[in-house]
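Notes for the one structure printed next.
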Amino acid sequence: MSTKLVRDKIPQIIKKQGKNIVFRIAEKQEYKELLLAKLQEEVNEFVSDQNEEEIADILEVIDALIEKYQFSNVKISEIKKQKQLKKGGFDEMIVGKWARKHRNVD
């Protein structure tokens, strides 16, 4: 039997379809783990099918992570801006090739 985090309205949607699935509320620590697993799931779906819907799903999970970890959207935007100023973005499509010991370059 598999479990995964689902969107808030999924239980009602499933019930209306007449399906019998058990739902429960996640524990606090479990919720963080489930969100990380959901992020991986959504990223994998985007890798398989690149479209706006999959990106929206990724952003939904990221928003939930930001809220759960009590991160600041303002601070995240500042960090993103500083990284872009210091290291640049990905607009120029530059690809690097290096030995494994130097792979921690972002």
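What follows is calculated from the coordinates using simple rules that are stated; it is not laboratory data. Keep in mind the model is a prediction, meaning the values are calculated, not measured. Don't worry about glycine lacking a Cβ; one is built from the backbone with ideal geometry, like all the others, and counts go over all protein chains shown.
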Going through (1) surrounded by 11 or more Cβ atoms within 10 Å (Cβ to Cβ); (2) more than 30 Å from LYS28 (Cα to Cα) one by one, LYS86 fails only at (1)
Can you pull out the helices (runs of 4 or more DSSP H) entirely within the chain that have at least 3 residues that are in contact with a helix residue (DSSP H, G or I) (Cβ under 6 Å, 6 or more places away or on another chain)?
28-48, 52-68
